[in-house]
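K.L.:
Dropping a structure here in structure tokens format, bear with me for questions.
The values are calculated or read from the model by the stated rules, or taken from the named source; none is laboratory data. Bear in mind the structure is a predicted one, so any value in this text is a computation, not a measurement. Cβ coordinates were reconstructed from backbone atoms using ideal geometry, including for glycine residues, and neighbour counts include every protein chain displayed.
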Amino acid sequence: MATMMVSRTSPAAWIRIAFAMFAVGWGANQFSPMLIVYRHELGLTAGEVAGLFLVYALTLIPGLLAGGPASDRFGRRPVVWPFVALSPLATLLLVLGPRSLPMIAAGRALAGLCSGVVFGSATAWVQEVSPDEGLSARRSALALTAGFGLGPVVAAVLAQWAGDPLVVPYLPHLVIGGVAAVVLVGTPGGAGSRSPGQAGRGGWVPPGENEGGPGGWVPLGEKEPAEPVARRRWPPGAVRTRRFWLTVAPPSPVVFGSVALAIVVLPEEVTSAHTLSAGFAGLITAVSFTAGVAVQPFARRLRSMAVGAAAGLGCATAGTAVGIAAVASVGRVLAAVAAVLLGLAYGLCLVSGLRQAEHMAAPGERGAVIAIYYAVAYLGFAVPYLAAGLSVLAGKTGAFVALTAIIGTLTAGYSARLRRDARRPEADARVRWPAGDRNSVSP
């Protein structure tokens, strides 16, 4: 099957893809403030609420791991579009069964699957229609962040002040998701599968082994022979490197771990059972994701991709430290300050991580590499469960003390590694593409 290349100069293409990511992100995160509503309206136990939160992740990670490689093989649009169209169907299940726990769980499971398939594959798709890595990473991050932020805010406002709080908050996504599926139909399909003789031409070359040049994905020249490749290797070449696991992966769980603390844990810890409200949860969500959006242009402009991740870890440490005071004093203002810092951590770590993943990925493995990055990042959704377990052992304030210590230790270790790497000139090497490649990337 021949590779279908997408023009990097078409502004309409990336906007359509980004809008699809926005819509699926809206559908994924609109549920966060609704957990409070379900707990009060349906009388759910803490375990049932945790189960509804967990079922999303249980389908999301398999969706990521399957969707990314599938889009590398069959093309972006054939893989992404069906799950963009299924996303409003997942919301429709929540509307049709507002008081049925199995229907709610089914809707969340389908939403997780849609998110997993779309996020990794569409991020790779955006890269293919963007002029450089930094811009594509910011476009993808902005689309996801806008969906993640606006979805729960609108749902929280409607749940708090509109009628029928179990149904009305979901109606906007039915419209947005349907529009996204329609506009994506005419979008260029993205990179498809390469023929066996082309797949995998080139490879990840460690620093110093590329004829004295920097490391990176080095494609073979057009006239250079290549052995046929019968099947794609798994995991992708970039993921089999020390650099991925020592530089890209460590800050990744902080991406979603930080916002999970901000929008799930903090609202419950600083409000009582009588004052807990979807409106306050929505406000904290808006504050956190606004900070995440605001910092993304700065993260994109950083010359060193890993420095942005280190800065994000520092913000996460500061956010959990402020969270200690917020929980101890049951202070909503301090909780909002912590949410800002945690939102900054989210934005910095997300853009920096995506830039590094895109930088390392071979052209035929972009979807797979980015999907694995997202899968590692989504491990951060386990942070609310870690916080709950620590609360049992050390109390609510003690849980945030422990989280601050954990993230602070990670920050110190990661920063020390960056200082060591900075002494080597090839530490932040750029990808080397063949001269004259009109689709080359020049970050």
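K.L.:
Only one residue in G134, G120, G97, G112 is among the small types (G, A, S), touching a Pro at 6+ places or on another chain (Cβ under 7 Å) and either at pLDDT 90 or above or under 25 Å from P253 (Cα atoms) (or both). Which one?
P.N.:
Answer to the selection: G134.
K.L.:
For the condition on the phi < 0 side of the Ramachandran plot, part of a helix (DSSP H, G or I) and surrounded by 24 or more Cβ atoms within 10 Å (Cβ to Cβ), what is the one hit in A394, A357?
P.N.:
Of the residues listed, the single one that is on the phi < 0 side of the Ramachandran plot, part of a helix (DSSP H, G or I) and surrounded by 24 or more Cβ atoms within 10 Å (Cβ to Cβ) is A357.
K.L.:
Just to be sure, is I407 at pLDDT 90 or above, touching a helix residue (DSSP H, G or I) at 6+ places or on another chain (Cβ under 6 Å) and part of a helix (DSSP H, G or I)?
P.N.:
So I407 fits the description; yes.
K.L.:
Let me ask something else about it. Scan the stretch 315-354 residue by residue and report those that are farther than 19 Å from S288 by Cα and surrounded by fewer than 23 Cβ atoms within 10 Å (Cβ to Cβ).
P.N.:
A328, S329
K.L.:
Do you know which residues across the stretch 380-390 are over 13 Å from L261 (Cα atoms) and either modelled with pLDDT under 90 or not in a helix (DSSP H, G or I) (or both)? Break it down into steps so the answer makes sense when it comes.
P.N.:
Here is the first cut: in the stretch 380-390, the ones over 13 Å from L261 (Cα atoms) are 389-390.
G389, the sole residue that qualifies.
K.L.:
Sticking with this one: Might you let me know whether the stretch 192-213 holds any residue that is of a type outside the set (K, R), modelled with pLDDT of 50 or more and either in a loop (DSSP other than H, G, I, E, B) or surrounded by 14 or more Cβ atoms within 10 Å (Cβ to Cβ) (or both)?
P.N.:
Looking for residues that are of a type outside the set (K, R), modelled with pLDDT of 50 or more and either in a loop (DSSP other than H, G, I, E, B) or surrounded by 14 or more Cβ atoms within 10 Å (Cβ to Cβ) (or both), one finds at least one in the stretch 192-213, hence yes.
Residue-by-condition table, conditions (1) of a type in the set (A, V, I, L, M); (2) crowded, with 17+ Cβ neighbours inside 10 Å:
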| site | (1), (2) |
| --- | --- |
| L144 | yes, yes |
| D164 | no, no |
| V175 | yes, no |
| G178 | no, no |
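K.L.:
Exactly one of these conditions fails for S277: (1) out of contact with any Gly (no Cβ under 6 Å at 6 or more places or on another chain); (2) of a type in the set (S, T, N, Q); (3) at pLDDT 85 or above. Give me its number.
P.N.:
Answer for S277: the failing condition is (3).
K.L.:
Of the residues P152, P172, P188, P165, only one is part of a loop (DSSP other than H, G, I, E, B) and either under 22 Å from the mean Cα position of the chain (by Cα) or within 26 Å of S100 (Cβ to Cβ) (or both); which?
P.N.:
On the way: P152 fails: part of a loop (DSSP other than H, G, I, E, B); P172 fails: part of a loop (DSSP other than H, G, I, E, B); P188 fails: either under 22 Å from the mean Cα position of the chain (by Cα) or within 26 Å of S100 (Cβ to Cβ) (or both).
Being part of a loop (DSSP other than H, G, I, E, B) and either under 22 Å from the mean Cα position of the chain (by Cα) or within 26 Å of S100 (Cβ to Cβ) (or both) holds for just one of P152, P172, P188, P165, which is P165.
K.L.:
Do you know which residues across the stretch 288-325 are part of a helix (DSSP H, G or I) and of a type in the set (S, T, N, Q)?
P.N.:
Correct list: S288, T290, Q296, T317, T320.
K.L.:
Only one residue in R99, R73, R139 is farther than 19 Å from G27 by Cβ, of a type in the set (K, R) and crowded, with 21+ Cβ neighbours inside 10 Å, so which one is that?
P.N.:
R139
K.L.:
OK, next. Just the residues that are assigned to a loop (DSSP other than H, G, I, E, B), over 30 Å from A156 (Cβ atoms) and of a type outside the set (G, A, S), please, taken from the stretch 231-270. Explain how you work it out, then say what you get.
P.N.:
Pass one, the stretch 231-270, residues assigned to a loop (DSSP other than H, G, I, E, B): 231-236, 241, 249-251, 270.
Then keep just the ones that are over 30 Å from A156 (Cβ atoms); that gives 231-236, 241, 249-250.
Within the stretch 231-270, R231, R232, R233, W234, P235, P236, T241, P250 meet the criteria.
K.L.:
Let me ask another. Given the criterion small (G, A, S), touching a residue at least 60 places away in the same chain (Cβ under 8 Å) and surrounded by 17 or more Cβ atoms within 10 Å (Cβ to Cβ), identify the matching residue among G63, G68, G107. Quick ask: steps written out before the conclusion?
P.N.:
Details: G63 fails: touching a residue at least 60 places away in the same chain (Cβ under 8 Å); G107 fails: touching a residue at least 60 places away in the same chain (Cβ under 8 Å).
On inspection, the qualifying residue turns out to be G68.
K.L.:
Picking from S121, S100, which residue would you name as being polar (S, T, N, Q) and within 24 Å of A375 (Cα to Cα)?
P.N.:
S121
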